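Q: Please read through the structure below; I'll follow up with questions.
The values are calculated or read from the model by the stated rules, or taken from the named source; none is laboratory data. Keep in mind that what you see is a predicted model, and the values were worked out from it rather than measured. Cβ atoms come from the backbone with ideal geometry, glycine included; neighbour counts cover every protein chain shown.
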Amino acid sequence: MNAVPAVHPSNVDQLRAWNGDDGDFWAARADRIDEGVAGYHDRLLDAARIEPTSHVLDIGCGAGLTTRDAARRATEGTALGVDLSSAMIELARRTADRDHVPNARFLHADAQIHPFPERHFDVALSRHGAMFFGDPHAAFANIARALRPGARLALLSWQPFERNAWLTAFRTALAAGRDLPAPPTTPGSLHDPDQVRPLLTSAGFTDVRVHGLTEPMYFGRDVDDACRFVTGQFSRLLAGLDPEARDRAVADLRTDLAAHHTDRGVRYDSAAWLIEARRP
């Protein structure tokens, strides 16, 4: 059984998902997840402006690619990756050991409440991992307390789902004619720049800047490969469908995947926010 870290009550559902089936799915497909958002990877790390002596905090680190690459830039410093998924943290540790990145460390914890050392880190970053806090203000205030004066914050967050062709296409296909509710958002959601700025300012940050980015996302080498991945990632949308409806949904998905099959695999447009701020 996966170990259970202390979490804030508002994050219990996230813990249940990420320390359970969702985390296991992502751990088993970590390379595909990294390939999917590879276009954003270096842009996030460049925005973080990691120096050789930096101590870096990676929030929602998943299987640890961003943490390892941050550690490689912080050659005389450290990088700490934090995530709610024990499966991904265990994979991150094994991979860092295999790849000989000794200054990358990993912690199974809730970044919203974990008692990080105060004024310790020079950089906090997150690749789509800071979007899930139950109480975003409390979470970012906790992260701010862990940053030294002058430290930098760099986050990636998805723009609203209607601007992400992959998300709208997959939800439409797998809905099988049902009216699905919009994906849930939380107060202070990172998908809305008008909420991001006051959220981070009230949590202790300044110089908040939000930049729109667009990159193609990779979902598989061909339609069969992409279909296996997408139906796994969105399995909840297929749950409860009768066999006929499920077959129709998967057929619709395959048709859309085929329309996005290029000589570089199945690719869809995506849109994210790059959020930057500073700890005064």
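Q: If you go through the range 94-101 one residue at a time, do you hit one that is aliphatic (A, V, I, L, M), at pLDDT below 95 and assigned to a helix (DSSP H, G or I)?
A: No, the range 94-101 has no match at all.
Q: Name the single residue, out of those in the range 150-202 being in a helix (DSSP H, G or I) and acidic (Asp, Glu), that is modelled with the lowest pLDDT.
A: Taking the candidates together, the pick is GLU162.
Q: Which one of the conditions (1) of a type in the set (Gly, Ala, Ser); (2) within 19 Å of the chain's Cα centre (by Cα); (3) crowded, with 18+ Cβ neighbours inside 10 Å does SER189 fail to meet, given that it meets all the rest?
A: (3)
Q: Hey, another quick one. Please go through (1) surrounded by 16 or more Cβ atoms within 10 Å (Cβ to Cβ); (2) at pLDDT 95 or above; (3) closer than 25 Å to ARG228 by Cβ for ASP58 and return the number of the only condition it doesn't satisfy.
A: (3)
Q: Which one of these does MET217 not meet: (1) closer than 23 Å to HIS260 by Cβ; (2) part of a helix (DSSP H, G or I); (3) of a type in the set (A, V, I, L, M)?
A: MET217 satisfies all of (1) closer than 23 Å to HIS260 by Cβ; (2) part of a helix (DSSP H, G or I); (3) of a type in the set (A, V, I, L, M) except (2).
A quick yes/no check of all residues on (1) in contact with a helix residue (DSSP H, G or I) (Cβ under 7 Å, 6 or more places away or on another chain); (2) buried (at least 17 other Cβ atoms within 10 Å of the Cβ); (3) closer than 22 Å to LEU45 by Cβ:
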| site | (1), (2), (3) |
| --- | --- |
| ALA109 | no, yes, no |
| SER126 | no, yes, yes |
| PHE140 | yes, yes, yes |
| ILE143 | no, yes, yes |
| LEU155 | no, yes, yes |
| PRO160 | no, no, no |
| THR168 | yes, no, no |
| THR201 | no, no, no |
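Q: Take ALA79 and decide whether it is surrounded by 20 or more Cβ atoms within 10 Å (Cβ to Cβ) and free of Cβ contacts under 8 Å to residues at least 40 places away in the same chain.
A: Here the answer is yes, as ALA79 does meet what is asked.
Q: Kindly establish whether ARG72 is in a helix (DSSP H, G or I), of a type in the set (Lys, Arg), under 15 Å from the mean Cα position of the chain (by Cα) and at negative phi.
A: no
Q: Within the range 97-150, can you find the residues that are small (Gly, Ala, Ser), under 20 Å from ALA63 (Cβ atoms) and touching a His at 6+ places or on another chain (Cβ under 8 Å)? Spell out the reasoning first.
A: So in the range 97-150, the residues small (Gly, Ala, Ser) come out as 104, 109, 111, 124, 126, 129-130, 134, 138-139, 141, 144, 146, 150.
Filter once more, keeping what is under 20 Å from ALA63 (Cβ atoms): 104, 109, 111, 124, 126, 129-130.
The answer is none; no residue qualifies.
Q: Right, something else. Looking at ALA226, ALA245, which one is at pLDDT 95 or above, assigned to a helix (DSSP H, G or I) and surrounded by 12 or more Cβ atoms within 10 Å (Cβ to Cβ)? Quick ask: steps written out before the conclusion?
A: Numbers: ALA245 fails: at pLDDT 95 or above.
ALA226 is the lone residue from the list that is at pLDDT 95 or above, assigned to a helix (DSSP H, G or I) and surrounded by 12 or more Cβ atoms within 10 Å (Cβ to Cβ).
Q: Based on this model, can you work out whether GLY23 counts as on the phi > 0 side of the Ramachandran plot, among the small types (Gly, Ala, Ser) and either assigned to a strand (DSSP E or B) or surrounded by 18 or more Cβ atoms within 10 Å (Cβ to Cβ) (or both)?
A: Numbers: on the phi > 0 side of the Ramachandran plot: no; among the small types (Gly, Ala, Ser): yes; either assigned to a strand (DSSP E or B) or surrounded by 18 or more Cβ atoms within 10 Å (Cβ to Cβ) (or both): yes.
Judged against the criteria, GLY23 is not a match.
Q: Kindly indicate whether PHE140 is aromatic (Phe, Trp, Tyr), closer than 18 Å to GLY204 by Cα and touching a residue at least 60 places away in the same chain (Cβ under 8 Å).
A: In short, yes.
Q: Considering each of PHE25, PHE121, PHE116 in turn, give the residue that is in contact (Cβ under 8 Å) with a residue 12 or more places away in the chain, under 26 Å from TYR218 (Cα atoms) and aromatic (Phe, Trp, Tyr).
A: So the residue among PHE25, PHE121, PHE116 that is in contact (Cβ under 8 Å) with a residue 12 or more places away in the chain, under 26 Å from TYR218 (Cα atoms) and aromatic (Phe, Trp, Tyr) is PHE25.
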